[in-house]
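The values are calculated or read from the model by the stated rules, or taken from the named source; none is laboratory data. For clarity, every value in this text was computed on a predicted model and none was experimentally measured. Quick reminder, even Gly has a Cβ in these numbers, built from the backbone with ideal geometry, and neighbours come from all protein chains shown. When the accessible area is computed, the model is the full protein with side chains, heavy atoms only, and any ligands, DNA or RNA have been set aside. Shrake-Rupley method; radii C 1.70, N 1.55, O 1.52, S 1.80 Å.
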Amino acid sequence: MIYPWHLYLMALLYVIAGIMHFIKPKIYTRIMPRYLPKHLLLVHISGIVEVVVGVGLLYKPTKNLAIYTLIAMLIVFLLVHFYMLSSKKAAAGIPRYILLLRIPLQFALMYWAYYYLQF
């Protein structure tokens, strides 16, 4: 099935983001909330999920499951975004205005994924 080009773009972005969890894991482990255990393991699991979701978006039998998984993942990632707003140390040097902008961006990404349930 031929999907809109922007669905392929979304899939590519998540595959790349997932691969980055393995190439640059320190970027992700340093922003993990301290109350979560085994940061590196969680970073690797989330990287795998992002790659699988990205690939799953491209196939009709898995597309909707991938979309729902993606939305759930983005909801869980909100924990990281709110945690990063909790202190200067948690912000990992990222300016507060960028951290604040990431929250509505998460909801925009959820909507972007939800949009493809109609195809």
field: From phi via Karplus (6.51, -1.76, 1.60), per-residue ³J(HN,Hα) for region 82-99 in Hz, x at Gly/Pro
entry: 5, 4, 5, 7, 6, 6, 5, 4, 5, 5, 6, x, 7, x, 4, 5, 5, 4
message: I need the peptides 61-71, 86-96 ranked by packing, meaning the mean over residues of other C-beta atoms within 10 angstrom, with the highest value on top.
response: 61-71, 86-96
- request: Only Cα pairs under 8 Å and at least 6 apart count here; give the relative contact order of the chain as a rounded whole percent.
  value: 27
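Counting alpha carbon pairs within less than 8 Å and at least 6 residues apart, what relative contact order, in whole percent, applies to region 1-58?
Values: 51 pairs, mean separation 31.7, N = 58.
Once divided by the residue count of region 1-58, the mean separation gives 55 percent.
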task: Compute the label zone of Thr29 within region 39-56: residues whose backbone N is under 15 Å from the point 7 Å along Cα-to-Cβ.
output: 39-47
task: Would you mind computing, in nm to one decimal, how far apart the modelled labels at Leu42 and Asn64 are, each placed 7 Å from Cα along Cα→Cβ?
output: 3.2
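With only alpha-carbon atoms in the gyration tensor, what are the semi-axes of the equivalent ellipsoid for the chain, in Å, largest first? List each step's numbers first, then the result.
Numbers: eigenvalues 143, 50, 26 Å².
Over the Cα atoms of the chain, the ellipsoid semi-axes are 27, 16, 11 Å.
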task: Express the carbon and sulfur contribution to the solvent-accessible surface of the chain as a percent, rounded to the nearest whole number, probe 1.4 angstrom.
output: 76
- prompt: Measuring from centroid to centroid over Cα atoms, what is the spacing of region 56-109 and region 1-51 in Å?
  reply: 10
- prompt: So what is the calculated 222 nm ellipticity per residue for the chain, using -39500 (n - 2.57) for each DSSP H run with n of 4 or more, over all residues, to the nearest 500 deg cm²/dmol?
  reply: -25000 deg cm²/dmol
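Taking a probe of 1.4 Å, how large is the accessible area per residue of the chain, in Å²? Mind dumping the intermediate values first?
Numbers: 7400 Å² over 119 residues.
For the chain, the per-residue accessible area is 62 Å².
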